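So the structure is just underneath, and the comments pick up after that.
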């Protein structure tokens, strides 16, 4: 009888437990779902489709892997110009032009590929020939752009008396009173290795290494090396400096913070603090410094030190002093007293007790933490650099602001990822060497 | 006897010599590393100082000008402080929401990625290196990079920040999660497999209950970090309190009471969530060990 009732009780208990577990198992996803619905409304996700600029996305993606060459003829003096991305550094020297253009005096034919041709004929006459539509002619008559386009013009044409722009998949033609300009798209990153002023532009790697000397004053390898790093369009040297600056910001900030935090951590650790009031005060300082976020420190410091890597390094230094102070003092509280007593028994003075009794115990833990922060601060330095204007973060924001240098943005992003991964690998390797088995889970 | 003692003392002598030589070598190495470190710190500081617009020594006396200005202006208009705090409270909520949603989404994504990239648990063991590399790249990309690109396409607001932080969080948590999952006991998984459970059932019932406390603890820590990140992303145009802070800063002198209100809100929020998260993390990890 008793057996039965206990069994019944047990069964009841088990059933209750299962019901409760079932309820929790259902309630947690329900709460998460409800929260997501709330955020969906609060962030106006539904309105995103209206706000999203898909044309921007297309520009971005297209620009990230292709570039355009501007081919233009001036309508007044018939001067021809060829410039990659329309920039001065990408302008072809006089008398030189891309191989898909054939020039005859002031006339020329631009081959846009797939049977599309733009012909610059006598006077200001320009024709656009394509297998997809009837040939379009454009000409400037009495300062008005005259075309043979039907009225209304197709939607891929934007036409007025002063300006006609024809956008096709093969390329774009813009005809204004001052000039007729063709934009031809090509794949790749333009002039990544050499600008047009360099004799090595368009020369293959094999020819540079083994071919005839292209520049009388320098050997090919030296010249190519100099021209690559001196590339005025991509500024490889400056970009590398910026990357170095970012790592330097993280290095100075992290290790500077560690140097400041270590003595303070002794004051904040329970077993080393000379006075309770001091310990309490130092702890509150650490909490305050950590609570005032890196963002606020960055703003405060940039007011005093101006834009540049110095502000970034100091912002990391100040923020991490708080974090290090806290974790160092925790590590110090966990030291083994026996080792200190052992050192003391040999007649060691207090400083010697710290040096030989405490430091050897905590060094691996502290160094491992410092290295972990160093690695994660490389990322932070990129972010802080974007705010204060230093390092690769500055280059990134500058390239983004122009809104047409997406190939450079892509280049910088790749470099940042490589930089962070290299730092990850180095710091991970060092940490593994320092303490076998990183128990911290970081 | 004399011979014996002589040889022993000789042995001790050589042992001592060896020990001293080793100590000297270690000291020399330590000294060299320390010297390199000091040189790096000094030259690094000089380089950074030279490449900055304002120098360190020129800026140092002005360090407290701005905080003093903010505090004095906020003090002069202390009566407006409650109103200012109330004005910026919705922006603060937005910042916290960005952090919360991105942590949630990132943690769920990280969970899946971690299970797919852990030896012994992965659904497709051959693809483990692929998922690991994906997580490495997600982790390496700073949030600001993704946020800035998305702001260009989606316009300003909380969504670019949310996606950016969630992306980074998934990579960061995925790695930590997978380290925990590697130590999980495989017996429940085998047991479930023997009764015919499929992969998702094995993971849900066999692995997740084991690792949940650690996962939750890491997620809470990440939430703390993400609040800071979401404030920073606001500063570059992604909405929330950071965005308001940038606007308040452009008002400049005379309206620093607004900036002060934002500083106060941000400070209190960070400290509040720091405390909550560390309390629950302690509880979770201790409860797990007991």
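See the values below:
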read-out: From A:58, A:76, residue being within 11 Å of chain B (Cβ to nearest Cβ) and either in contact with a helix residue (DSSP H, G or I) (Cβ under 6 Å, 6 or more places away or on another chain) or loosely packed, with under 15 Cβ neighbours inside 10 Å (or both); value: A:58
read-out: Condition met for residue B:235 (more than 18 Å from residue B:167 (Cα to Cα), within 11 Å of chain A (Cβ to nearest Cβ) and touching a residue at least 24 places away in the same chain (Cβ under 8 Å)); value: no
read-out: Matching residues, the range B:214-232, being under 15 Å from residue B:93 (Cα atoms), more than 9 Å from chain A (Cβ to nearest Cβ) and either buried (at least 21 other Cβ atoms within 10 Å of the Cβ) or without any contact (Cβ under 8 Å) to a residue 24 or more places away in the chain (or both); value: B:223, B:226, B:230
read-out: Helices (runs of 4 or more DSSP H) contained entirely in the range B:103-213, each with at least 3 residues that are over 22 Å from residue B:226 (Cβ atoms); value: B:128-140, B:187-194, B:199-202
read-out: Residue list for the range A:414-435, restricted to those being farther than 16 Å from residue A:250 by Cα and buried (at least 20 other Cβ atoms within 10 Å of the Cβ); value: A:431
read-out: Enumerated helices (runs of 4 or more DSSP H) restricted to the range A:328-439, each holding at least 2 residues that are over 11 Å from the mean Cα position of the chain (by Cα), without any contact (Cβ under 8 Å) to a residue 60 or more places away in the chain and within 13 Å of chain B (Cβ to nearest Cβ); value: A:359-388, A:391-402, A:406-434
read-out: In the range A:22-57, the residues that are farther than 26 Å from residue B:106 by Cβ and at pLDDT below 85; value: A:50, A:55
read-out: Scan of the range A:91-124 for residues that are under 14 Å from residue A:184 (Cα atoms) and in a loop (DSSP other than H, G, I, E, B), ordered by number; value: A:97, A:98, A:99, A:100, A:114, A:115
read-out: Where residue B:276 falls short, out of the listed (1) more than 10 Å from chain A (Cβ to nearest Cβ); (2) in contact with a helix residue (DSSP H, G or I) (Cβ under 6 Å, 6 or more places away or on another chain); value: (2)
read-out: Number of the exception - residue B:155 against (1) buried (at least 18 other Cβ atoms within 10 Å of the Cβ); (2) more than 22 Å from the chain's Cα centre (by Cα); (3) more than 27 Å from residue B:214 (Cα to Cα); value: (1)
read-out: Test: residue in the range A:159-176 that is part of a loop (DSSP other than H, G, I, E, B), surrounded by fewer than 17 Cβ atoms within 10 Å (Cβ to Cβ) and under 37 Å from the mean Cα position of the chain (by Cα); value: yes
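Conditions (1) at the interface with another protein chain (Cβ under 10 Å from one of its Cβ atoms); (2) surrounded by 15 or more Cβ atoms within 10 Å (Cβ to Cβ); (3) at pLDDT 90 or above; (4) over 23 Å from the mean Cα position of the chain (by Cα), marked per residue:
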position: B:88; (1), (2), (3), (4): no, yes, yes, yes
position: B:92; (1), (2), (3), (4): no, yes, yes, no
position: B:99; (1), (2), (3), (4): no, yes, yes, no
position: B:115; (1), (2), (3), (4): no, yes, yes, no
position: B:126; (1), (2), (3), (4): no, no, yes, yes
position: B:131; (1), (2), (3), (4): no, yes, yes, no
position: B:134; (1), (2), (3), (4): no, yes, yes, no
position: B:140; (1), (2), (3), (4): yes, yes, no, no
position: B:149; (1), (2), (3), (4): yes, yes, no, no
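The values are calculated or read from the model by the stated rules, or taken from the named source; none is laboratory data. The shown structure was predicted, so the numbers you read here are calculated from the model rather than taken from an experiment. Cβ sites come from the backbone with ideal geometry, for glycine too, and all protein chains shown count toward neighbours.
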